[in-house]
Amino acid sequence: MTAFLAPPIILAVVLGISGISKLRARGSVSAAFEQLGVPPLLDRGWIKRMFPWGEVVLGLVLLCSPGRTAPIAALVVLALFVSYWALIYRALGFDEPVSCNCFGRANAEPVTHWTLWRNTAFLLLAVLWLAASFRVSVPELVASLSGPDLLWILGIAAASGTLFLSIAPGARRAAEARRAAHESRHPGQEGVAPGPVTASSPHGDVDLPNPENDDYVRRPIPGIVLKDSHGEWVALTRLAATRARLLLLVSPGCGSCTEVIRSARRWRDELSPAVEVHLVTFARQEALESVVDEELWDSVLYDVEHFLDDLMGMRATPSAVLLGADRLLAGGPVRGQEDISAFVKDIKAELEAAPQGPDLRPERS
């Protein structure tokens with residue numbers, strides 16, 4: 001009977017990791033609800049706020065429910081995993097890849113068939129425990145443990161740990177592999193470190209001191225070329241010659257990019273005319289335009305050769321970097337939705353505090 005402890009413990013670990021990861025990644029639940037197309041009846045603000053807490057509490061209830069309450073908890077868990085399975089199955093049929101953010105930032109890569117098989121395993125464990133819960137509960141099983149049975153507990157703990165390691169994002173592993181390959185080709189060369197905003201604008205220099213990054217060195221903008229929305233190559237040095245540029249590296253399948261993409265239009269209006277905002281992506285043009293406001297399409301840049309990855313250290317999405325109008329890097333890269341939002345707020349604050357003057361430099365194409 002001790003073997004029946006495996007399903008509830010694994011499911012409780014999964015729910016706990018899922019809930020805590022979502023709590024640590026604010027906005028991941030909203031991004032998941034939007035990308036997976038959760039029905040409007042359930043797409044409510046209070047549900048999204050309580051959802052991570054609900055997962056954690058449900059995992060604890062699953063382990064603590066005694067006697068006749070055990071099947072009730074098991075049935076609720078089964079219903080939840082059936083819903084997860086159905087959402088993932090439907091997402092595989094979408095025209096563009098989406099991310100489920102099942103474990104917050106630890107699982108932001110696009111949904112694949114592997115995701116469905118993983119959820120199928122969880123679903124089978126939930127079915128198995130529901131059947132067993134009519135005969136026994138977790139507290140009863142724990143109370144009946146003998147000395148040798150502790151080996152079962154250790155085995156279950158090891159299996160749960162292996163499960164957690166298995167959900168580490170493939171995107172992160174790929175980025176680390178790319179970083180290692182790049183460093184082997186260019187020993188001693190580092191990506192640009194995060195630093196203070198020092199945006200040169202038509203209205204003068206805007207300096208934002210940052211005590212944590214006093215050693216930040218403004219370097220020349222690398223000789224990188226990207227493609228614009230018309231398929232023409234554009235050099236960043238030429239682009240920045242007319243005004244400061246904020247580049248927001250995003251991916252249409254990245255859950256944490258959703259809020260950055262949604263905010264891009266507002267940031268463009270807030271920072272204009274001193275700073276122009278550009279969404280940048282490694283993805284296909286059709287994929288990004290499917291999730292981006294149409295008014296931003298013309299300003300999107302496409303890094304088809306992954307130059308930002310190799311030459312500027314922008315290996316993860318979302319990331320942001322500020323190009324100064326003096327053709328020097330003015331700040332960044334910074335990574336993650338929260339840090340990018342703070343980065344933009346700092347730029348806006350310094351632009352508002354800067355002395356205003358006429359913009360004497362015409363925009364060049």
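The values are calculated or read from the model by the stated rules, or taken from the named source; none is laboratory data. Quantities reported herein were computed from a predicted structural model and do not represent experimental measurements. Please note: Cβ atoms are built from the backbone with ideal geometry, for glycine as well, and neighbour counts cover all protein chains shown.
In the stretch 241-254, what residues are crowded, with 23+ Cβ neighbours inside 10 Å and within 16 Å of the chain's Cα centre (by Cα)? Those that are crowded, with 23+ Cβ neighbours inside 10 Å and within 16 Å of the chain's Cα centre (by Cα): Leu248, Leu249, Val250, Ser251, Pro252, Cys254. If you go through the stretch 311-321 one residue at a time, do you hit one that is farther than 22 Å from Gly255 by Cβ, modelled with pLDDT of 90 or more, aliphatic (A, V, I, L, M) and in contact with a strand residue (DSSP E or B) (Cβ under 6 Å, 6 or more places away or on another chain)? Checked against the condition, which is being farther than 22 Å from Gly255 by Cβ, modelled with pLDDT of 90 or more, aliphatic (A, V, I, L, M) and in contact with a strand residue (DSSP E or B) (Cβ under 6 Å, 6 or more places away or on another chain), the stretch 311-321 yields no hits at all.
Of all residues in the stretch 329-342, which are assigned to a helix (DSSP H, G or I) and either polar (S, T, N, Q) or surrounded by fewer than 24 Cβ atoms within 10 Å (Cβ to Cβ) (or both)? Result: Gln337, Glu338, Asp339, Ser341, Ala342. Just one of the numbered conditions (1) modelled with pLDDT of 85 or more; (2) closer than 20 Å to Met312 by Cβ is not true of Ala349: (2). Taken as a whole, the structure leaves Leu226 outside the set of residues that are modelled with pLDDT of 85 or more, closer than 14 Å to Gly332 by Cβ and crowded, with 16+ Cβ neighbours inside 10 Å. Residues of the stretch 216-236 that are among the acidic types (Asp, Glu) and within 26 Å of the chain's Cα centre (by Cα): Asp228 alone.
Listed by first and then second residue, the pairs with beta-carbon distance under 6 Å, at least 6 apart or on different chains, first residue in the stretch 1-26 and closer than 22 Å to Leu145 by Cβ and part of a helix (DSSP H, G or I), second at pLDDT below 80 and not hydrophobic (A, V, I, L, M, F, W, C), are Thr2/Asp149; Ile10/Ser160; Val13/Ser160. The set of residues in the stretch 129-145 being among the hydrophobic types (A, V, I, L, M, F, W, C) and either under 28 Å from the mean Cα position of the chain (by Cα) or surrounded by 17 or more Cβ atoms within 10 Å (Cβ to Cβ) (or both) consists of Trp129, Leu130, Ala132, Val138, Leu141.
Among the numbered conditions (1) free of Cβ contacts under 8 Å to residues at least 60 places away in the same chain; (2) within 19 Å of the chain's Cα centre (by Cα); (3) buried (at least 21 other Cβ atoms within 10 Å of the Cβ), the only one that Cys257 does not meet is (1).
Scanning the stretch 275-297 for residues that are over 22 Å from the mean Cα position of the chain (by Cα) and closer than 10 Å to Leu246 by Cβ returns Val275, Glu276. Residues being acidic (Asp, Glu), under 18 Å from Trp297 (Cβ atoms) and either modelled with pLDDT of 85 or more or in contact with a helix residue (DSSP H, G or I) (Cβ under 8 Å, 6 or more places away or on another chain) (or both) are entirely absent from the stretch 245-266.
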